[in-house]
Amino acid sequence: MNEILKGDLNDLELILNQVKAEGLEFLNGINDRRTSTDIQPMEYSDLEVQGSGTLAALAAFKSRFDDIIVASTGPRYWGFVTGGSTPAAIAGDWLATVYDQNTQTVKGQGDISANIELETVRLLLQLLRLPEDAYLGGFVTGATMSNFSCLAVARQWLGAQQGEDIAKTGVSGTLKVLSAMPHSSAVKSLALLGLGSQNLIKVKVMPGNREAMDLNDLEQQILELKGAPFILISSAGTVNTVDFDDFEAISKLRERYHFWWHIDAAFGAFAACAPAYAHLLKGWEQADSITVDCHKWLNVPYENAFFLVKKEHRLLQMACFQNSNAPYLGDPLDNFNYLNFLPENSRRLKALPAWFSLKAYGAKGYQDIVEGCIARAKELAEFIEKEDAFELLAPVRLNTVCFTLKGAGDKAFEFLRILNDQGVVFMTPTVYGGKHAIRAAFVNWRTTEKDVLVAIEELNQALKKI
Ligand SMILES: Cc1ncc(COP(=O)(O)O)c(C=O)c1O
């Protein structure tokens, strides 16, 4: 064994204790850590012939990067849709690394990790109040890969309607995909899947400051397809204003028209945890496939999401992802193996952080997290509405505040730069209704009323500088 590795093996307890101490220092100081850093091109270090061992690597890392790692897991990081990590999720994530399983089969010789993943999916279905037996679920790196995986099966379904096995023959001709406000990652998935991002048929949104699909226009567009099967991508939570498509109405359309129904519920799925908001998802259990992100509102560390595909489409799913030409893996129908049902072959025990967090906090824990975030969004929106300098661009439908500078929208991005530069709260830019705007998305379990007050103070400070 290499001498330095041997030394590290001897020092394992010391190393892990040191890492624990670093982790604790970081997490205990998270409220005071900056939420942004001015990223400069850096000088990259070189590979040494003789390594220096883990403790020296840790010291070198700390001296170069500790000060500039931002508090993206902290309570006032409201950019994009960035969740935090619960203590239980951190525990699960650390142990997933320590166990280092390759999560594949559920029976026969091997390890138990695929069963842990299936159990976690079951817990998630219970949390989200979806029918337990209807969906096959699996973990992927994020909602982008979840959208990709679901839409791959949708593509296979579409081919099958025309007697084609697209996984084998490739896409020929233009396949029909309809959506009103797809997330950019769903459009990216169309590009990756050879469906062509520009082939998306745009459905109108409802009038009156809405981002939800106009169902009259949807039906009109369906009629124009003259009976051709298609994929419908719908939204449970648009990014700017968290609008939801009307899933009950869409399920009724399914009785009359022939389509694959996908829902991107990356973070909106968690409305199911809050009784006052669960109605937004009414009817979603009819969808063929659903995307849910875990590194958003479930508050587990990156990279973590899962997909759900109706079990009745299992053969289509397998046709897409089957790792054929590997006889040593056995008959995929006989022996369930995750690698035949999703993009990756080798994969870590991604479900473990979610398993730990779900067991640790249960349905009530997640109800509290979700309701807390919604309350925080409303508190910030109340300030924005009252303050003359700002304009709230849409009602707070769930957990996101979308606003701009009243009468000075052209300065919104400059204002945001100043705000983020203060380093205490972080938000991200967007364009909504043609206006430059700012988004604050609340999905972190740590965020309290006090954080909103701190952010208000920061907004007022930034106003003085613009
Ligand atoms: C609705 C929606 N779908 C998909 C994504 C992509 O998620 P990820 O970055 O985890 O791939 C996001 C990210 O914000 C999202 O909000």
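The values are calculated or read from the model by the stated rules, or taken from the named source; none is laboratory data. Small disclaimer: the values here were computed from a predicted structure and weren't measured. When we count neighbours, we look across all protein chains shown, and the Cβ atoms used for this are built from the backbone with ideal geometry, even at glycine. SASA here: full protein model, heavy atoms, side chains in, ligands and nucleic acids out. Shrake-Rupley method; radii C 1.70, N 1.55, O 1.52, S 1.80 Å.
Remarks
- Carbon plus sulfur fraction of accessible area for region 3-71, probe 1.4 Å, in percent: 58 percent
- Estimated from the Cβ-Cβ distance and a Förster radius of 22 angstrom, the FRET efficiency linking GLN50 and ALA21 is about 0.25.
- Solution diffusion estimate, µm²/s, Stokes-Einstein, region 90-357, Kirkwood Rh from C-alpha pairs, 10 °C, viscosity 1.306 mPa s: 84 µm²/s
- For region 27-107, chymotrypsin sites (Phe, Trp or Tyr not before Pro) meeting the loop criterion (DSSP other than H, G, I, E, B) and having at most 16 other Cβ atoms within 10 Å: TYR44, PHE80.
- Residues ILE39, ILE201, ordered by accessible area of protein heavy atoms at a 1.4 angstrom probe radius and largest first, appear as ILE39, ILE201.
- Probe 1.4 Å, protein heavy atoms only - accessible area per residue of region 3-71 in square angstrom: 79 Å²
- Surface composition of region 92-196: carbon plus sulfur atoms contribute 52% of the solvent-accessible area (1.4 Å probe, protein chains only, all chains present).
- Potential extension, GLU219-LEU12 segment - 0.36 nm per residue separation minus Cα distance: 68.2 nm
- Tensor-based shape of the chain (alpha-carbon gyration tensor, a/c under 1.5 rounded, otherwise prolate or oblate): oblate
- Separation in nanometres of the label points that stand 7 Å from Cα toward Cβ, at ALA91 and THR169: 5.3 nm
- Accessible area per residue for region 90-357 is 41 Å², calculated with a 1.4 Å probe on protein heavy atoms, without ligands, DNA or RNA.
- Summing charges over all other residues whose Cβ lies under 11 Å from the Cβ of LYS310, with Lys and Arg as +1 and Asp and Glu as -1, gives -2.
- Spin-label model distance (nm) - ALA59 vs LYS406, 7 Å beyond Cα toward Cβ: 5.7 nm
- Sequentially through region 36-42, phi angles give Karplus couplings (6.51, -1.76, 1.60; θ = phi - 60°) of 8, 9, 8, 6, 10, x, 10 Hz, Gly and Pro residues having no value and appearing as x.
- Links that overshoot a 28 Å alpha carbon limit, given the list LYS176/LYS435; LYS252/LYS296; LYS378/LYS464; LYS107/LYS282; LYS282/LYS406; LYS282/LYS310: LYS176/LYS435; LYS252/LYS296; LYS107/LYS282; LYS282/LYS406
- Whole-percent carbon and sulfur share, accessible surface of region 278-425, 1.4 Å: 50 percent
- Extension gain from GLU248 to ASN460, taking 0.36 nm per residue of separation minus the Cα-Cα distance: 72.1 nm
- Isotropic mean projected area of the C-alpha convex hull, region 3-71 (nm²): 5.5 nm²
- Backbone N under 12 Å from the THR448 label point (7 Å along Cα→Cβ), restricted to region 350-367: none
- Percentage relative contact order, the chain, counting C-alpha pairs under 8 Å, at least six apart: 23 percent
- Ellipticity at 222 nm from helices only: DSSP H runs of n ≥ 4 in the chain, each -39500 (n - 2.57), divided by the residue count, give -13000 deg cm²/dmol.
- Exposed-loop-free span, longest in the chain, where trypsin sites (Lys or Arg not before Pro) count as exposed if DSSP calls them loop and at most 11 other C-beta atoms lie within 10 Å: 227-466
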